[in-house]
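See below for the structure under consideration.
Throughout, read-outs are computed from the coordinates displayed, never taken from laboratory work. Since the structure is predicted, the reported quantities are computational estimates derived from the model, not experimental observations. With ideal geometry, Cβ positions are generated from the backbone for all residues, glycine too; neighbour counts draw on all protein chains shown.
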Amino acid sequence: MANPPAKVHLVMEALGVLFGMTDLSWGALKRDLLSKNQLLDSIKNYDKDNIAPATIKKLQPYIKDPGFNKVSV
């Protein structure tokens with residue numbers, strides 16, 4: 001996918017933040033996240049109870065985005 005829908009890119013950016021990526025461009029997200037065969041397992045096994053406060057702070061713009069909720073997808 002050369003240019004994903006905005007909501008797909010938004011979700012992938014948030015995953016990039018969770019996985020500590022600094023480059024959140026679509027090319028980097030495809031290369032570093034989507035190309036991994038174990039992405040779904042990595043998401044399922046993510047230690048959501050121990051997210052660093054700095055990461056939570058970086059996620060705030062995504063959490064506050066009205067398009068970033070499971071109801072609107």
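Residue check: is D23 without any contact (Cβ under 8 Å) to a residue 40 or more places away in the chain, over 24 Å from P66 (Cα atoms) and within 13 Å of the chain's Cα centre (by Cα)? Please lay out each step first, then the result.
Values: without any contact (Cβ under 8 Å) to a residue 40 or more places away in the chain: yes; over 24 Å from P66 (Cα atoms): no; within 13 Å of the chain's Cα centre (by Cα): yes.
So D23 does not fit the description; no.
Can you tell which of L40, L29 is of a type in the set (A, V, I, L, M) and touching an Asp or Glu at 6+ places or on another chain (Cβ under 9 Å)?
L29
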